[in-house]
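**Q** Below: one structure in structure tokens.
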Amino acid sequence: MPVSEAMIAGLIELKWADGEGLATQLTGQLRSLIASGRLGKGRALPSSRRLASDLGVSRNTVTYAFEQLAAEGYLAASPGRRPVVAIDGGERIEGARAVGSSPGSARPRLSPWASKLQQTDWPMSYQAPLKPLRPGHGDAREFPNEIWGRCLRRSAVGAARRELGQVSRPRLREALAHYLAASRGVRASAEQIMILPSAQAALTLIAAAVITPGDDVWVEDPGYPGAAAAFRASGARVIGVGLDEQGMQRMPDLATPKLLFMTPSHQHPTGRLMSLARRTEFLSLSRPGKTWIVEDDYDGEFHYDSRPVPALQGLDAHGRVFYVGTFSKAMTSDIRLGYLVAPQVLVRTLEIAQRHIGLIASSHIQEALAEFIADGHFLAHLRRVRRLYHARRDHLVAGLERHLGEVLSAEVPSGGIQLVARLKRGRADQAAVKRLVEAGVVTRAISGLALGKPRDHGLLLGFAAWRESEISAAVRTMASCF
Ligand SMILES: Cc1ncc(COP(=O)(O)O)c(C=O)c1O
């Protein structure tokens with residue numbers, strides 16, 4: 001029986017926990033409806049907005065499906081119009097082209113890796129205007145650029161005397177080994193420290209080295225989408241694990257995964273600290289050489305209320321933990337430096353992989369950073385901004401209580417650079433984010449960081465990057481929006 005436009009959403013059944021992405025499921029099911037003739041030639045599909053709302057998925061998911069089917073010739077799409085079915089079921093599909101598209105405009109056939117990259121909104125959805133209260137950053141205006149500039153200059157001048165071909169500069173490895181042992185309780189030799197252009201590069205490298213397509217990877221849900229994206233692209237079945245007061249939950253009912261990704265120091269995005277009991281449980285779950293834990297300590301430098309809790313890596317006696325860090329938050333995000341503390345047994349494999357992929361950070365920058373740390377500038381900078389960010393956190397919390405106490409309740413994190421404010425009425429965080437952006441305040445919806453059906457809602461608000469006057473102005477604007 002032919003299907004009317006209104007019935008289309010009712011015929012689609014998406015499985016949120018399925019290893020296959022929602023966009024792929026939707027594409028496949030629409031393709032089957034057309035190929036079977038149930039959606040006949042000339043039939044208009046609902047708009048992407050309408051179908052997204054009927055199915056409870058993001059509009060990008062529907063747009064992806066429409067674009068893919070247009071490229072395959074199943075749909076005719078033109079800008080601003082609803083897509084129309086372009087073939088009759090049973091027509092030869094091979095070689096069919098979207099009506100109106102020229103031969104050169106056909107979508108190229110992508111590798112499985114690149115196709116998987118298309119299935120998530122990340123990283124494009126992370127591109128938001130740099131305005132208060134955009135989360136995820138420290139304050140680049142507070143970085144001591146004069147001092148850093150002198151370190152860079154000395155590094156450049158000394159370049160001719162340096163040995164070539166070392167992907168991780170020994171001075172920086174040594175400096176980091178000392179810093180991480182003293183400040184984060186990380187137990188590693190300098191040789192285990194790999195310098196990379198970012199934490200994201202570390203995740204890509206880990207995925208390339210240990211994931212076999214089909215492996216289960218557990219990630220926090222809601223969580224950091226860059227991690228889910230990196231592991232999914234490598235072919236893993238990425239499974240979202242909910243949170244409780246102690247952090248990522250233990251999931252006794254699933255087979256042991258190949259890898260667990262977590263942010264135990266400040267869970268991203270909620271800021272929660274994983275309890276010692278939970279850390280120990282996860283360590284006992286992971287089997288040496290078989291189950292890996294990736295600990296992403298992206299903003300562990302910032303703790304305000306108590307002594308920082310040492311890294312999970314320091315509790316591990318069996319080399320099961322990859323410890324990932326970045327200078328994006330502690331310095332500035334465009335410094336483009338991160339690091340990976342690798343389990344000893346994988347150091348050589350990872351260095352070969354690093355050279356293969358070419359994920360190599362500039363030696364000039366590495367040497368400059370080694371000097372910046374050795375001369376005490378890094379710790380001095382951290383001490384200064386830690387005080388500043390602490391005051392900014394308190395300023396934001398006080399402002400939210402005073403002006404928005406009826407509508408929002410802030411979860412005050414013990415550290416980090418951002419906080420979650422829950423909506424007291426309703427769960428429409430995406431609509432709230434949209435309204436706020438229109439008024440000039442940038443926030444992020446927690447439900448947008450879900451892997452499948454959102455379990456959690458709220459607004460992610462950055463405080464570290466914004467001066468108290470900017471925070472006050474943003475809070476007043478927010479109050480006028482709600
Ligand atoms: C939790 C988390 N991990 C890792 C990163 C990535 O850091 P990098 O800029 O070094 O790739 C981010 C950046 O926002 C993050 O929020």
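The values are calculated or read from the model by the stated rules, or taken from the named source; none is laboratory data. These numbers come from a predicted model, not from an experiment. Cβ coordinates were reconstructed from backbone atoms using ideal geometry, including for glycine residues, and neighbour counts include every protein chain displayed. Side chains included, ligands, DNA and RNA excluded: accessible areas come from the protein's heavy atoms. Shrake-Rupley method; radii C 1.70, N 1.55, O 1.52, S 1.80 Å.
**Q** Kindly indicate whether residue 452 is open to solvent by less than 20 Å² (accessible area, probe 1.4 Å), farther than 20 Å from residue 136 by Cβ and either assigned by TED's automatic domain parsing to the domain that holds residue 24 or among the small types (Gly, Ala, Ser) (or both).
**A** Criteria met by residue 452.
**Q** Then there's this: Can you list the strands (runs of 3 or more DSSP E) lying wholly within region 209-273 that have 3 or more residues being within 11 Å of the ligand (Cβ to nearest atom) and modelled with pLDDT under 95?
**A** No strands (runs of 3 or more DSSP E) qualify here.
**Q** Go through region 292-307 and report how many residues are surrounded by fewer than 18 Cβ atoms within 10 Å (Cβ to Cβ) and out of contact with any Phe, Trp or Tyr (no Cβ under 8 Å at 6 or more places or on another chain).
**A** So the answer is 3.
**Q** Return the only residue of 198, 189 being within 16 Å of the ligand (Cβ to nearest atom) and either hydroxyl-bearing (Ser, Thr, Tyr) or touching a Pro at 6+ places or on another chain (Cβ under 9 Å) (or both).
**A** After ruling out the rest, the residue left standing is 198.
**Q** Under the condition of being open to solvent by 50 Å² or more (accessible area, probe 1.4 Å) and touching a helix residue (DSSP H, G or I) at 6+ places or on another chain (Cβ under 9 Å), which residue from region 341-351 is farthest from residue 311 (Cα to Cα)?
**A** Result: 349.
**Q** Shifting gears a bit: Provide a single number: the residues in region 365-387 that are of a type in the set (Val, Ile, Thr) and over 26 Å from residue 307 (Cβ atoms).
**A** The qualifying residues number 1.
**Q** Among the residues of region 277-293, is there at least one that is touching a residue at least 40 places away in the same chain (Cβ under 8 Å), on the phi < 0 side of the Ramachandran plot and out of contact with any strand residue (DSSP E or B) (no Cβ under 8 Å at 6 or more places or on another chain)?
**A** For region 277-293, residues touching a residue at least 40 places away in the same chain (Cβ under 8 Å), on the phi < 0 side of the Ramachandran plot and out of contact with any strand residue (DSSP E or B) (no Cβ under 8 Å at 6 or more places or on another chain): absent.
**Q** If you check residue 162 against the conditions, is it of a type outside the set (A, V, I, L, M) and more than 16 Å from the ligand (Cβ to nearest atom)?
**A** Yes, satisfied.
**Q** If you go through region 50-77, how many residues are within 22 Å of residue 445 (Cβ to Cβ), surrounded by fewer than 21 Cβ atoms within 10 Å (Cβ to Cβ) and within 25 Å of the chain's Cα centre (by Cα)?
**A** Looking only at that region, the number is 8.
**Q** If residue 241 satisfies every condition in (1) open to solvent by 10 Å² or more (accessible area, probe 1.4 Å); (2) over 24 Å from residue 333 (Cα atoms) but one, which is the exception?
**A** Answer for residue 241: the failing condition is (1).
**Q** Here's another thing I want to ask about it. Of the residues 473, 464, 391, which is in contact with an Asp or Glu (Cβ under 8 Å, 6 or more places away or on another chain) and surrounded by 15 or more Cβ atoms within 10 Å (Cβ to Cβ)?
**A** 464
**Q** For region 394-407, which positions are out of contact with any helix residue (DSSP H, G or I) (no Cβ under 6 Å at 6 or more places or on another chain) and part of a helix (DSSP H, G or I)?
**A** Across region 394-407, the qualifying residues are 394, 397, 398, 400, 401, 402.
**Q** Follow-up. Kindly indicate which of 464, 391, 410 is assigned to a loop (DSSP other than H, G, I, E, B) and modelled with pLDDT of 95 or more.
**A** 464
**Q** Continuing with this model, one more query. I'd like to know if region 423-430 contains one or more residues that are among the charged types (D, E, K, R), touching a residue at least 12 places away in the same chain (Cβ under 8 Å) and under 27 Å from residue 123 (Cβ atoms).
**A** yes
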